[in-house]
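The values are calculated or read from the model by the stated rules, or taken from the named source; none is laboratory data. This one's a predicted model, so the numbers in the text were calculated from it and none came from an experiment. All Cβ positions, glycine included, derive from the backbone under ideal geometry; neighbour counts span all protein chains shown.
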Amino acid sequence: MIDIYQEIQKRILVLDGAMGTMLQEYKFSEDDFRGERFKDYPSPLQGNNDLLSLTQPEAIKTIHTKYFEAGADIIETNTFSGTTIAMADYNMEDLVYELNYQSARIAKEVAEEFTNRDSSKPRFVAGSIGPTNRTASLSPNVNKPEYRAVTFNQLRIAYKQQVEALIDGGVDVLLVETVFDTLNAKAALFAIDEVKEERNIDIPIMVSGTITDASGRTLSGQTVEAFLTSVSHIPLLSVGFNCALGAEQLQPYLQRLSRETSFYTSAHPNAGLPNAFGEYDETPKEMQSYIENYLKDNMINIIGGCCGTSPSHIKAISEVAEKYQPRKAKADE
């Protein structure tokens with residue numbers, strides 16, 4: 001079995017770009033989301049991107065293929081909302097295991113195909129574990145600051161089901177990403193730990209937080225250093241940041257993170273900041289130049305793209321990443 005720990009010491013690993021950005025290009029209708037299987041489903045399903053792994057698997061497979069062709073070493077499963085908590089919006093809690101399992105299988109099939117083509121560049125699948133649409137640290141009701149819409153235990157149970165399905169589907173890494181509330185992430189990490197112990201297995205874990213604005217804090221109020229301290233109690237493959245900011249805005253926070261952590265570091269920023277229409281205008285060339293600053297400063301081990309990024313962005317990132325050596329983590333010393 002190819003070990004990602006060996007590969008990450010050899011070169012900067014490239015993560016894929018946005019799944020949602022690519023799916024928007026298909027302009028799938030409600031009927032497309034439903035497919036034959038869910039044509040009479042009682043709830044509206046348009047917008048449930050994870051469901052497309054069941055109803056439009058060829059589209060998901062094509063997107064994964066395009067990212068690998070662009071130079072990605074790691075692709076993420078189409079499971080960002082793959083928990084019972086997030087799927088409750090569509091009354092699809094019962095499908096969570098299948099959604100995660102099938103998404104992992106599709107991604108793994110494509111990864112194996114590319115690895116077999118060129119064994120000198122093995123490809124990996126990261127099981128994408130999103131933050132859910134609820135926060136364990138903050139109240140959604142300004143009049144009841146003590147209220148919580150979800151408990152730690154509810155999150156743990158939901159994440160555990162997702163993790164089991166992703167592992168069964170064959171992922172190589174688990175990616176707890178877009179962390180806006182570290183307590184949610186800790187529930188995910190707790191669930192992963194439980195599964196590892198129950199199954200007597202080890203699987204690499206990536207954690208990626210989200211700095212939400214120019215204050216340099218997560219939504220739940222943590223600084224870079226506080227976030228890092230909160231998640232460093234278990235062995236991680238990498239820790240980093242994604243989403244909310246473009247590569248240029250993210251740089252100072254990534255600098256602080258890479259100085260402080262003994263883990264490998266990751267970043268998958270947005271293609272700049274959204275414009276007035278919520279769209280991302282940063283070109284692959286522009287993003288490449290900002291990413292190159294990360295590489296010159298020796299801050300990065302894993303680099304990719306989040307909202308607004310496409311295979312052309314990943315190709316540009318991949319081309320520049322080849323020219324630089326990966327950041328040395330304390331594990332390498």
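Observations
- Residue match in the range 318-326 (condition: under 19 Å from PHE68 (Cβ atoms), at pLDDT 95 or above and buried (at least 24 other Cβ atoms within 10 Å of the Cβ)): yes
- Meets criteria (assigned to a helix (DSSP H, G or I) and on the phi < 0 side of the Ramachandran plot) for ILE300: no
- In the range 14-33, the residues that are without any contact (Cβ under 8 Å) to a residue 60 or more places away in the chain and among the acidic types (Asp, Glu) form Cβ pairs under 9 Å with partners that are surrounded by 21 or more Cβ atoms within 10 Å (Cβ to Cβ) and part of a helix (DSSP H, G or I), at six or more places apart or across chains, as follows: ASP32/LEU52.
- The conditions of being farther than 19 Å from GLN6 by Cα, of a type outside the set (Gly, Ala, Ser) and surrounded by fewer than 22 Cβ atoms within 10 Å (Cβ to Cβ) are not met by HIS313.
- Scope the range 109-144; condition closer than 23 Å to MET87 by Cβ and modelled with pLDDT of 95 or more; matching residues: VAL125, ALA126, GLY127, SER128, ILE129, GLY130
- Index of the failed condition, SER128 passing every other in (1) farther than 28 Å from GLN222 by Cβ; (2) touching a Phe, Trp or Tyr at 6+ places or on another chain (Cβ under 6 Å): (1)
Matching residues to (1) crowded, with 24+ Cβ neighbours inside 10 Å; (2) assigned to a helix (DSSP H, G or I); (3) under 19 Å from the mean Cα position of the chain (by Cα):
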site	(1), (2), (3)
HIS233	no, no, no
ALA244	no, no, yes
ARG259	no, yes, no
SER266	yes, no, yes
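- Filtered residues of the range 153-208 (kept if in contact (Cβ under 8 Å) with a residue 12 or more places away in the chain, more than 15 Å from PRO235 (Cβ to Cβ) and in a loop (DSSP other than H, G, I, E, B)): GLY170, VAL171, ASP172, PHE180, ASP181
So that you can scan it fast, the table gives a plain yes or no per residue for (1) touching a Ser or Thr at 6+ places or on another chain (Cβ under 6 Å); (2) crowded, with 21+ Cβ neighbours inside 10 Å:
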position: LYS160; (1), (2): no, no
position: ALA165; (1), (2): no, yes
position: VAL171; (1), (2): no, yes
position: VAL176; (1), (2): no, yes
position: THR182; (1), (2): yes, yes
position: LEU189; (1), (2): no, yes
position: GLU194; (1), (2): no, no
position: GLU198; (1), (2): no, no
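- Test for THR265: is it within 21 Å of ARG327 (Cβ to Cβ), without any contact (Cβ under 8 Å) to a residue 12 or more places away in the chain and β-branched (Val, Ile, Thr): no
- All told, LEU219 meets the bar of being touching a residue at least 60 places away in the same chain (Cβ under 8 Å), within 27 Å of PRO274 (Cβ to Cβ) and among the aliphatic types (A, V, I, L, M).
- Restricting the range 116-154 to residues that are among the basic types (Lys, Arg) and more than 26 Å from SER53 (Cβ to Cβ), the residue that is surrounded by the fewest Cβ atoms within 10 Å (Cβ to Cβ): LYS144
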